[in-house]
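Have a look at the structure below, then the notes.
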Amino acid sequence: MKITVVGTGYVGLVTGSYFANKGIEVVNLDILPEKITALQKGEIPFYEPGLHDFVKEAIRLGKLTFTTDYKIALKDVDVIFICVGTPSKNSKADLSFIESATISIAENLTRDAIIVGKSTIPIGIKDWVVDLINKNKQPDVKIDWVVNPEFLSEGTAVFDMQNPSRVVIGGESSDSLEKVANLYSDLNCPIIKTDVESAILIKYASNSFLATKISFVNNLANIADKLDASITDVVYGLGLDPRIGNKFLKPGIGFGGSCFPKDITAFYTRAEELGLDFNLLKEVERINLLQSETIVTKIVSELGELKGKKITLLGLSFKPETDDLREAPSVKLVKSLLSKGARVFGHDPEALENFKKLNLEIDLSEDVYETCKKSDAIVLVTEWQFYLWLDWERIKSLVKKAFIVDGRNFLDKNKLKESGFLYKGVGVR
Ligand code: UDX
């Protein structure tokens, strides 16, 4: 068995090293030579806990190699995973990377094989992919196409790959479904074999449902705020109903990342193109877009005019344990604060380098105490564990005004209040 994985992002690298660590020969391909050169030296181009060791071990076993050359990658291959990005473009999924990867694979394959789409593929484009393969493949080569959506979360991707809640495989040929299912046979989870569209719908439905839960709880938290109620108690009471559960009901500053925002937009846009509607998701998106503004409102209601005021943001990545800034609420927050004339300062344990590249007018520092000096307000944006252990007495002695907005209801509010901070959370007293 030989596997080729196209793409060296989170999904590609985790998938490739996962199979290689199981003893399967894997070639990981990327069209960017600088990425491949770095990976050959064992350098991972982003921060993802555990991935460095996972990749290193796969290389040490002699099972994982990297290349930019499709001919080398596809020699003697049985299964090819496509793990390239589908970023958002005009509210739709940009399929150009999928298109070029599929064409290159079809053109260069000289033996029968299965192409597995792991990238998130829009609903209702099955025929487009099959046509693309058939138009570009060599006549005597048989290529089957199945989808196998990924459910990896950044920050826990290596763990998730080895401990999934389910594996979903969609395709027409029971032979191919069986072959791909066998790759996961040692996992202790249900393996769902279905048709292509159902598999894709499972992926979109999962992300949309989770995003809906977050917007639901954020909307609820804003109501709790007005009523001076406690969203923490409300969520506790809500989540104890086993039909609802307590997961993905953490109120905050809104969801970000490489999946939820783009997937819900692509889902309702594509549904509209097919003459269907999923307007519920438009509301989920609208609530999410407004949520970072509720944080700004809290700052303004305490400080009044923000012109010249120093606001310090703790945490910039879209969630902890990643340096990813895609759709990060911190970016919206910085832009809004700057537009009101505030001076914005920021700290993050991992994402500073990436944030610098955005060229926003923000002062970034690796020293969290330095960045808090003379602040009029501190905003906890991303719930890195690091911020739990700060010396808040020391910070109180450094700031101009002891005022903290906890955008994730994460910090110990009683301790902060005892230390003399004015504390505002999201839907908490
Ligand atoms: C998500 C899905 O979980 C994963 O299955 C899919 O493959 C890719 O998209 P990811 O984007 O890495 O993974 O992060 P996730 O942990 O799901 O969080 C997404 C966003 O929602 C983050 O901005 C997070 O802060 C926010 N969130 C999450 C909340 O605001 N409240 C919650 O209760 C949970």
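Give me the strands (runs of 3 or more DSSP E) completely within region 1-67, filtered to those with at least 3 residues that are under 29 Å from Arg111 (Cβ atoms) and under 18 Å from the mean Cα position of the chain (by Cα), ordered by residue number.
none
List the number of the failed condition for Glu383; all other conditions in (1) within 22 Å of Gly257 (Cα to Cα); (2) away from the ligand (no atom under 16 Å from the Cβ); (3) of a type outside the set (A, V, I, L, M, F, W, C); (4) touching a residue at least 24 places away in the same chain (Cβ under 8 Å) hold.
Failed condition: (2).
Counting only residues that are under 21 Å from Leu187 (Cβ atoms) and within 16 Å of the ligand (Cβ to nearest atom), give me the helices (runs of 4 or more DSSP H) lying completely in region 89-173 with at least 3 of them.
Fully inside region 89-173 and qualifying: 157-162.
When you scan region 174-200, how many residues do you find that are over 23 Å from the mean Cα position of the chain (by Cα), surrounded by 14 or more Cβ atoms within 10 Å (Cβ to Cβ) and small (Gly, Ala, Ser)?
2
Looking at (1) in a helix (DSSP H, G or I); (2) within 11 Å of the ligand (Cβ to nearest atom), can you tell me which one Val180 breaks?
(2)
Filter region 225-249 for residues that are in a loop (DSSP other than H, G, I, E, B) and surrounded by fewer than 20 Cβ atoms within 10 Å (Cβ to Cβ) and give the result.
Passing the criteria: Asp228, Ala229, Ser230, Leu240, Asp241, Pro242, Arg243, Ile244, Gly245, Asn246, Lys247, Phe248.
How many of the residues in region 241-270 are within 16 Å of Asn207 (Cα to Cα), more than 8 Å from the ligand (Cβ to nearest atom) and not aromatic (Phe, Trp, Tyr)?
Qualifying residue count for the region: 7.
The numbers here are math on the coordinates, done by the rules we state, and not lab data. This structure is a prediction, so every number in the text was calculated from the model and none was measured. Cβ coordinates were reconstructed from backbone atoms using ideal geometry, including for glycine residues, and neighbour counts include every protein chain displayed.
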